[in-house]
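**Student:** Mind having a look at this structure? Questions to follow.
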Amino acid sequence: MATEAHAHPTTRQYVQVAILLAVLTAVEVALFYIDESLDLRGWDGPLLIILSTMKFVIVVGWFMHLRFEKGLLSRFFSAGFALAMGLYAVVLAALGVLIIRG
Amino acid sequence: MTATSARPTTSIYVRPHPKTGIWSWITTVDHKRIGILYGYSAFVFFIFGGIEALLLRIQLSAPNNEFLTAAEYNALFTTHGLTMVFLFVMPVTAGFMNYLLPLMIGARDVAFPRMNALSYWIWLAGAIFTYSVIFFADVTPPIGVEGFAGSLDPSDQTFLGGLPDGGWFLYQPNAGPYFSPGTAIDFGALGLQILGIASLISAVNFLTTIFNMRAKGMRLLRMPVFVWMTMVVAFLLLFSLPIIAVALFMVTFDRSFGATFFQAVSGGDPILWQHLFWLFGHPEVYILILPSMGIVSEVLPVFSKKPLFGYAAVVFAGAGIAFLGFGVWAHHMFASGITPVAQAAFGLSTMTIAIPTGIKIFNWVFTMWGGRIRFTTPMLFAIGFVSMFVIGGLSGVTHSIVPSDWQQTDTYYIVAHFHYVLFGGAIFGIFAGLYYWFPKLTGRVMSEKLGKLHFWVQFIGFNLTFAPMHWLGLQGMVRRTWKYAPENNFGPWNLAVSVGAFIIAFSILIFMFNWMYSKRKGRPSGLDPWDARTIEWSIPNPTPEYNFAIPPVIHSLDEFWHMKYTEDEEGRAVRRPDADDVIARLEHDGNNPKSPIHLPNPSYFPFIMAVGLPLIAFGIIYHLSAAGKALIVVGATITIGALLGWGMEPLEEPHEAHHDDHADHAGAEDEDASHHEEVD
Amino acid sequence: MALAHDAPIAHHDEHESTGISNTKLGMWIFLSSEFLFFGALITNYLLYGNGDFAGTVPREVYDIPFTSVSSFVLLMSSLTMVLAHHALSVNDQAGTKTWLLATALLGAVFLGGQVFEFTEFIVEKDMTLTTNPASSAFFMLTGFHGAHVAIGVLMLLSLFNIARRQGGLSEHSGMNLELVGLYWHFVDIIWIVIFTLVYLLSAV
């Protein structure tokens with residue numbers, strides 16, 4: 001922990017990141033409630049997924065520090081994530097939940 | 001970035017340091033001893049699995065036989081599969097990987113020695129827990145089944161009827177609470193869960209070791225193929241075990257807590273089980289075969305006196321097989337009602353696996369081509385691997401053609417396929433490795449006469465047993481069925497198959513005798529009995545406790561070979577004039593380290609922690625009773641307590657810090673030798 | 001140079017071929033496998049969660065405001081976790097202890113919220129583990145996530161305890177703090193996914 005010589009974010013930056021996360025969460029919750037009046041026509045689902053992906057990436061990159069670590073760790077992490085997404089997408093498609101058009 | 005040096009100065013825990021006796025085995029964190037523990041334990045279960053197979057074959061040796069009841073037959077083929085896969089092939093290959101991995105990369109141990117011990121003890125706990133079903137299962141017969149061929153009277157069922165009997169794949173809802181009431185399946189499901197934890201821990205350990213603990217100069221593409229296969233297997237375990245863990249939790253919740261994940265009557269989907277099981281199950285079969293492929297990739301070059309043909313291709317093909325292996329699972333479900341699109345997709349992906357597999361086969365053959373072949377016992381088994389695996393692979397490719405597979409499914413043709421790849425492949429490879437690396441464990445060589453006898457008897461017995469299953473299956477003989485009618489005329493070949501099975505059993509007895517005999521009376525091997533290529537052979541036999549007296553520096557692939565040989569103008573290997581001096585020097589220096597060597601201290605906690613898990617599992621099975629609830633609490637307390645103790649254990653004993661191995665080494669060697677006798 | 005926990009030591013020259021410590025590498029490798037674990041549970045929920053079954057189904061009983069607050073609490077616990085790590089890196093032992101305790105407390109609050117939510121579902125809304133596949137899938141997913149949080153809280157408290165008893169965390173224990181932090185953040189990102197897929201998308 002104490003040996004890698006790279007820039008740690010400062011306390012201030014960490015708090016800023018946390019505020020960003022809180023704001024994103026608030027937007028998500030707002031989307032949940034106001035999608036009808038905004039007539040988003042089905043966009044609220046993808047938007048929610050985009051927002052949560054942003055939160056995911058921010059926590060992994062800054063709080064888990066992956067942005068500042070050696071690439072090997074990102075590769076391991078992404079490999080697990082990509083494999084899970086791929087395999088389970090196929091399972092859901094095979095079971096008729098995820099409909100693949102065309 | 002300094003923190004205050006707040007190490008615990010007093011500790012209620014003192015690290016144990018026994019050198020001899022059973023405590024030295026229970027507290028060991030030495031990867032070599034852990035490998036030996038895996039190997040011997042796995043072999044015991046090999047015998048159990050073999051006996052199960054022989055009982056099955058006695059039942060099938062004649063039509064309409066009544067040697068076993070249907071319930072007993074179902075129980076035996078289930079436990080035969082579970083035993084051979086999880087309690088033999090996986091732990092014995094784990095034994096190889098444990099023993100050899102640090103030696104092949106020039107390290108003194110794995111990254112996490114205590115976790116390594118934990119893997120073994122958890123595995124053993126899971127194995128014993130699973131087999132304890134013999135004593136604990138209640139024999140409630142299946143309910144609501146019309147025309148059930150066995151006896152519904154509990155007093156008619158021997159203890160065999162109380163074993164898990166839903167097949168090793170535990171298909172739902174057959175192995176669910178309605179059709180398999182009672183506790184036998186739970187022992188299988190929870191036992192597998194425990195075993196899975198052991199392998200997952202090993203996977204994390206091996207990956208960290210391979211990435212982080214290579215000797216200087218040991219770049220990834222200079223590692224022996226066996227190490228690459230260990231890495232690939234670890235990735236397969238890492239990513240497939242969590243899937244089966246969830247599936248097993250779901251089945252346990254269905255059976256014990258009333259959930260309805262797979263029970264169709266409540267809206268659950270039995271096909272979901274098949275997907276989750278085979279998402280794990282298919283990578284699992286590559287986990288079973290890749291270590292043997294690694295062994296063969298080490299053995300063939302040594303006994304052909306040629307480098308492995310196309311090293312990089314063999315490595316990348318291994319990785320390719322693993323990667324593609326994640327994409328083919330539903331080929332086990334072609335007859336389960338998946339859509340035509342899914343069938344086509346998975347049929348195609350299954351065919352593509354033949355490509356990297358074929359690359360490896362060609363490279364092995366080209367390795368031998370033009371080499372100066374020595375037909376030693378390990379070489380015979382390695383060549384046996386290549387040829388038998390090709391046969392098994394060919395039948396496998398025929399399964400990838402969906403309409404053909406519909407005819408083959410649930411027949412003996414499938415049984416023939418997987419036994420050719422798993423026995424003719426994985427197990428022949430394992431024997432090649434056992435004969436090849438025996439000197440590293442014992443400092444002696446196994447008897448060549450007995451070895452060749454073992455090989456030929458096993459080869460004949462194996463082919464007599466499994467070749468006829470191809471045509472029996474194509475003629476329509478159904479698998480997982482306790483008896484067959486005489487009208488189909490399956491009798492004669494089934495009798496031949498059963499005879500073959502007993503011939504295999506006899507060959508194993510030859511092997512066991514050879515092992516025991518050679519440990520005591522085998523010819524001393526010296527440092528380099530095979531004129532080998534890789535650095536595990538550059539240290540004395542039996543392997544010193546500290547492995548390398550001086551960490552090696554690596555300059556190329558097959559580093560040890562290049563210490564002994566150079567090349568002439570035509571690129572042929574020429575033995576260096578000083579090669580014998582090099583070997584003598586390596587032997588001397590390897591036995592006499594110049595300065596003290598720290599080794600990780602032994603520990604009680606892995607053993608203790610492992611004990612808690614089967615207690616929790618028993619508690620889950622009997623959770624409706626007070627005793628069951630108490631067991632869960634006790635088991636959890638032991639496991640968590642041991643984990644805390646482990647965390648607070650000092651890393652090294654201060655007074656051990658400058659333990660002088662030099663004077664003790666001669667004594668340690670004798671102790672190691674006497675340990676092998678004790679384990680017998 | 002950080003000595004990897006439990007690594008064999010030869011002449012005190014320790015090298016890690018990748019330049020990453022053994023324990024850190026090991027933890028990241030383990031976490032990458034957890035995607036497959038939670039992925040299976042999430043897939044299970046996606047399969048059953050929105051189906052039509054007899055009995056109460058989860059999407060009928062969600063209390064989004066309550067769960068939003070829980071989610072916010074867990075997110076903030078990631079902040080306190082990273083502040084604990086930062087404090088240790090500048091040798092602020094008092095700050096380390098404070099932020100460790102704060103993280104454990106926020107985690108416990110999250111767990112308390114889960115327990116409250118589950119109790120309401122079981123007792124008042126008549127939705128239990130066994131009601132139907134949808135409820136089973138819900139409780140499995142959130143239950144295993146909660147178990148992971150609970151294990152995290154235990155680890156945080158034992159780190160806090162070690163710091164309190166020893167007057168601070170050593171370099172060795174500091175590595176443990178980083179590892180517990182990685183685990184904690186991972187559990188948080190799984191919740192980020194669950195909150196969206198299970199709760200917020202239930203109305204879609």
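**Student:** For the condition within 14 Å of chain C (Cβ to nearest Cβ), crowded, with 24+ Cβ neighbours inside 10 Å and touching a helix residue (DSSP H, G or I) at 6+ places or on another chain (Cβ under 6 Å), what is the one hit in B:F235, B:F303, B:F262? Break it down into steps so the answer makes sense when it comes.
**Tutor:** On the way: B:F235 fails: touching a helix residue (DSSP H, G or I) at 6+ places or on another chain (Cβ under 6 Å); B:F303 fails: within 14 Å of chain C (Cβ to nearest Cβ).
When all the criteria are applied, what remains is B:F262.
For (1) more than 7 Å from chain C (Cβ to nearest Cβ); (2) modelled with pLDDT of 90 or more, each residue gets a yes or a no:
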| site | (1), (2) |
| --- | --- |
| A:R12 | yes, yes |
| A:A18 | no, yes |
| A:L38 | yes, no |
| A:V57 | yes, yes |
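**Student:** Among the residues of the stretch B:556-577, are any in a loop (DSSP other than H, G, I, E, B), within 31 Å of the chain's Cα centre (by Cα) and modelled with pLDDT under 90? Lay out the reasoning, then the answer.
**Tutor:** Looking only at the stretch B:556-577, we keep the residues that are in a loop (DSSP other than H, G, I, E, B), and these are B:556-558, B:568-572, B:576-577.
Now drop any that are not within 31 Å of the chain's Cα centre (by Cα), which leaves B:556-558.
Still in the list and also modelled with pLDDT under 90: none.
No, the conditions are met nowhere in the stretch B:556-577.
**Student:** Go through the residues of the stretch B:456-478 one by one and say whether even a single one is assigned to a loop (DSSP other than H, G, I, E, B) and open to solvent by 10 Å² or more (accessible area, probe 1.4 Å). Give the derivation first.
**Tutor:** First pass over the stretch B:456-478, keeping only residues assigned to a loop (DSSP other than H, G, I, E, B): B:475-477.
Then drop every residue that is not open to solvent by 10 Å² or more (accessible area, probe 1.4 Å), which leaves B:475-476.
Yes, there is a match, as at least one residue in the stretch B:456-478 is assigned to a loop (DSSP other than H, G, I, E, B) and open to solvent by 10 Å² or more (accessible area, probe 1.4 Å).
**Student:** Can you find, within the stretch B:265-279, the residue that is most open to solvent (accessible area, probe 1.4 Å) among those that are facing chain C (nearest Cβ under 7 Å) and in a helix (DSSP H, G or I)?
**Tutor:** Per the criteria, the residue is B:S266.
**Student:** Also: Return the total of residues in the stretch B:542-551 being crowded, with 20+ Cβ neighbours inside 10 Å and touching a strand residue (DSSP E or B) at 6+ places or on another chain (Cβ under 8 Å). So that I can check it myself, show each step before the final result.
**Tutor:** Of all residues in the stretch B:542-551, those crowded, with 20+ Cβ neighbours inside 10 Å come to B:543-544, B:546-549.
Filter again for touching a strand residue (DSSP E or B) at 6+ places or on another chain (Cβ under 8 Å), leaving none.
Final tally of qualifying residues: 0.
**Student:** If B:G81 passes every condition in (1) part of a helix (DSSP H, G or I); (2) under 23 Å from the mean Cα position of the chain (by Cα); (3) crowded, with 20+ Cβ neighbours inside 10 Å but one, which one does it miss?
**Tutor:** Only one criterion in (1) part of a helix (DSSP H, G or I); (2) under 23 Å from the mean Cα position of the chain (by Cα); (3) crowded, with 20+ Cβ neighbours inside 10 Å is unmet by B:G81, namely (3).
**Student:** Right, next: Without any contact (Cβ under 8 Å) to a residue 24 or more places away in the chain, within 14 Å of another protein chain (Cβ to nearest Cβ) and either open to solvent by 30 Å² or more (accessible area, probe 1.4 Å) or assigned to a helix (DSSP H, G or I) (or both): which single residue out of B:A322, B:A345 fits that description?
**Tutor:** Working: B:A322 fails: without any contact (Cβ under 8 Å) to a residue 24 or more places away in the chain.
B:A345 is the lone residue from the list that is without any contact (Cβ under 8 Å) to a residue 24 or more places away in the chain, within 14 Å of another protein chain (Cβ to nearest Cβ) and either open to solvent by 30 Å² or more (accessible area, probe 1.4 Å) or assigned to a helix (DSSP H, G or I) (or both).
For (1) within 11 Å of chain A (Cβ to nearest Cβ); (2) more than 21 Å from the chain's Cα centre (by Cα); (3) under 30 Å from B:I210 (Cα atoms), each residue gets a yes or a no:
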| position | (1), (2), (3) |
| --- | --- |
| C:L36 | yes, no, yes |
| C:V61 | no, yes, no |
| C:V69 | yes, no, no |
| C:M81 | yes, no, no |
| C:D92 | yes, yes, no |
| C:L106 | no, no, no |
| C:G112 | no, no, no |
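**Student:** Would a scan of the stretch C:126-143 turn up a residue that is touching a residue at least 24 places away in the same chain (Cβ under 8 Å), more than 25 Å from C:V73 (Cα to Cα) and away from chain B (no Cβ under 14 Å)?
**Tutor:** Scanning the stretch C:126-143, I find at least one residue that is touching a residue at least 24 places away in the same chain (Cβ under 8 Å), more than 25 Å from C:V73 (Cα to Cα) and away from chain B (no Cβ under 14 Å), so the answer is yes.
**Student:** Scan B:N514, B:N489 and give me the residue that is among the polar types (S, T, N, Q) and over 24 Å from the mean Cα position of the chain (by Cα).
**Tutor:** Numbers: B:N514 fails: over 24 Å from the mean Cα position of the chain (by Cα).
Matching residue, one of B:N514, B:N489: B:N489.
**Student:** Would you confirm, using the coordinates I've provided, whether B:S256 is within 30 Å of B:V386 (Cβ to Cβ), among the small types (G, A, S) and in contact (Cβ under 8 Å) with a residue 60 or more places away in the chain?
**Tutor:** no
**Student:** Ok, one more. Can you name every residue in the stretch C:193-204 that is free of Cβ contacts under 8 Å to residues at least 60 places away in the same chain and crowded, with 19+ Cβ neighbours inside 10 Å?
**Tutor:** Looking only at the stretch C:193-204, we keep the residues that are free of Cβ contacts under 8 Å to residues at least 60 places away in the same chain, and these are C:196, C:201, C:204.
Within the stretch C:193-204, C:T196, C:L201 qualify.
**Student:** Within the stretch B:195-213, track down each residue that is open to solvent by less than 10 Å² (accessible area, probe 1.4 Å) and closer than 28 Å to B:A75 by Cβ.
**Tutor:** The one that is open to solvent by less than 10 Å² (accessible area, probe 1.4 Å) and closer than 28 Å to B:A75 by Cβ: B:A198.
Condition check ((1) aliphatic (A, V, I, L, M); (2) within 30 Å of B:A549 (Cβ to Cβ); (3) more than 26 Å from the chain's Cα centre (by Cα); (4) not in a helix (DSSP H, G or I)) across all residues:
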site: B:F169; (1), (2), (3), (4): no, no, no, yes
site: B:G188; (1), (2), (3), (4): no, no, no, no
site: B:I197; (1), (2), (3), (4): yes, no, no, no
site: B:L236; (1), (2), (3), (4): yes, no, no, no
site: B:T260; (1), (2), (3), (4): no, no, yes, yes
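**Student:** I've got another one for you. Please go through (1) open to solvent by 30 Å² or more (accessible area, probe 1.4 Å); (2) within 30 Å of B:V299 (Cα to Cα) for B:Y565 and return the number of the only condition it doesn't satisfy.
**Tutor:** Condition (1) is where B:Y565 drops out.
**Student:** Is it true that C:L201 is farther than 18 Å from C:L79 by Cα, facing another protein chain (nearest Cβ under 8 Å) and out of contact with any Ser or Thr (no Cβ under 7 Å at 6 or more places or on another chain)? Lay out the reasoning, then the answer.
**Tutor:** Values: farther than 18 Å from C:L79 by Cα: yes; facing another protein chain (nearest Cβ under 8 Å): yes; out of contact with any Ser or Thr (no Cβ under 7 Å at 6 or more places or on another chain): yes.
So C:L201 passes the test.
**Student:** Sort out which residues of the stretch C:151-180 are open to solvent by less than 10 Å² (accessible area, probe 1.4 Å) and at the interface with chain A (Cβ under 8 Å from one of its Cβ atoms), and write them in order of number.
**Tutor:** C:G174, C:L177
**Student:** Same structure, new question: Return the total of residues in the stretch C:102-124 being touching a Leu at 6+ places or on another chain (Cβ under 8 Å) and open to solvent by 40 Å² or more (accessible area, probe 1.4 Å).
**Tutor:** 1
**Student:** Going through the stretch B:575-592 one residue at a time, which ones are open to solvent by less than 30 Å² (accessible area, probe 1.4 Å) and not β-branched (V, I, T)? Give the steps one after another, and end with the answer.
**Tutor:** Initially, the stretch B:575-592 is screened for residues open to solvent by less than 30 Å² (accessible area, probe 1.4 Å), giving B:579, B:582-583, B:586, B:590.
Within the stretch B:575-592, B:A579, B:L586, B:G590 qualify.
The values are calculated or read from the model by the stated rules, or taken from the named source; none is laboratory data. Just so you know, these numbers come straight off a predicted model, no measurement behind them. Backbone-built Cβ (ideal geometry, glycine too); neighbour counts: all protein chains shown. Quick note on the areas: whole protein, heavy atoms, side chains included, nothing else; ligands and nucleic acids left out. Shrake-Rupley method; radii C 1.70, N 1.55, O 1.52, S 1.80 Å.
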